[in-house]
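Reading through the structure tokens given below for one structure.
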Amino acid sequence: MKITQLSLFLENKPGQLLRICRLLAEAQLNLITLCLADTQQFGILRLILRDWQKAKEILEAHGLVATTTEVVAIEVDDRPGGMARILEILAQHQINIEYLYAFTFKRGDKAVVVFRFDRPDDAIAALQQSGQNVLGPVELYGETS
């Protein structure tokens with residue numbers, strides 16, 4: 001089964017992702033997953049939402065260009081070799097992967113999202129000062145040492 005994904009080009013500067021997330025939040029549209037890849041000049045934001053048609057309309061009404069792409073979501077065994085098994089199947093059929101990204105995993109009723117920041121220490125301090133729970137390796141990986 002194919003899933004519709006929205007893609008947007010964003011100028012690579014602070015506040016661009018926030019603008020989109022606020023627009024979607026104001027419309028009560030919940031993100032299922034997202035991925036942001038960047039270059040020096042722009043980023044490509046890929047979004048999956050249940051009501052992608054409404055999201056596309058709202059984003060375009062605010063001057064953004066949103067394109068649609070069909071993607072496929074696959075369950076992968078969460079164990080060593082789980083991803084390799086999927087890749088073996090695709091390779092056997094000579095199917096090329098253009099790109100991929102993983103869904104976030106759940107922690108109770110919270111999703112965990114991993115970010116890369118240009119100033120990680122400043123980001124951590126700002127998030128913690130705002131009362132956000134920033135996870136370390138113990139929480140994220142279940143490490144005890």
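Read-outs: derived from the displayed coordinates by stated rules, not from any lab. Note that the structure is a prediction, hence the values are computed from the model and not measured. All Cβ positions, even for glycine, are placed from backbone atoms using ideal geometry, and neighbour counts span all protein chains on display.
Comparing 132, 41, 16, which has the greatest mean-square fluctuation in the GNM of the chain with Cα pairs linked when under 10 Å apart?
132
If R₀ is 30 angstrom, what is the calculated FRET efficiency for the pair residue 57 and residue 91, using the beta carbon separation as r and rounding to 0.05?
About 0.15, to the nearest 0.05.
Run the dipole for the chain about the Cα centre, Lys and Arg Cβ at +1, Asp and Glu Cβ at -1, nothing else charged, and hand back the magnitude in debye, nearest 20.
I would put it at about 220 debye.
Given the alpha-carbon gyration tensor of segment 2-76, what are the semi-axes of its equivalent ellipsoid in whole angstrom, ordered largest first, with each equal to the square root of 5 times an eigenvalue?
19, 16, 11
If you average the sequence gap of Cα pairs under 8 Å that are 6 or more apart and divide by the length of segment 2-76, what percent do you get for the contact order?
It comes to 47 percent, rounded to a whole number.
So what is the relative contact order for the chain, in percent, with contacts set as C-alpha pairs under 8 Å and at least six apart?
With pairs under 8 Å counted, the relative contact order is 23 percent.
Exposed loop sites here are trypsin sites (Lys or Arg not before Pro) in DSSP loop states with at most 13 other C-beta atoms within 10 Å. What is the longest stretch of the chain lacking them?
51-115
Give a quick list of GluC sites (Glu not before Pro) in segment 67-108 that DSSP marks as loop, anything other than H, G, I, E or B, with at most 12 other Cβ atoms within 10 Å.
In loop regions of segment 67-108 (DSSP not H, G, I, E or B), the sparsely surrounded GluC sites (Glu not before Pro) are 75, 98.
So how do 42, 117 line up by other beta-carbon neighbours within 10 Å, fewest first?
Ranking 42, 117 by Cβ neighbours within 10 Å, fewest first, gives 117, 42.
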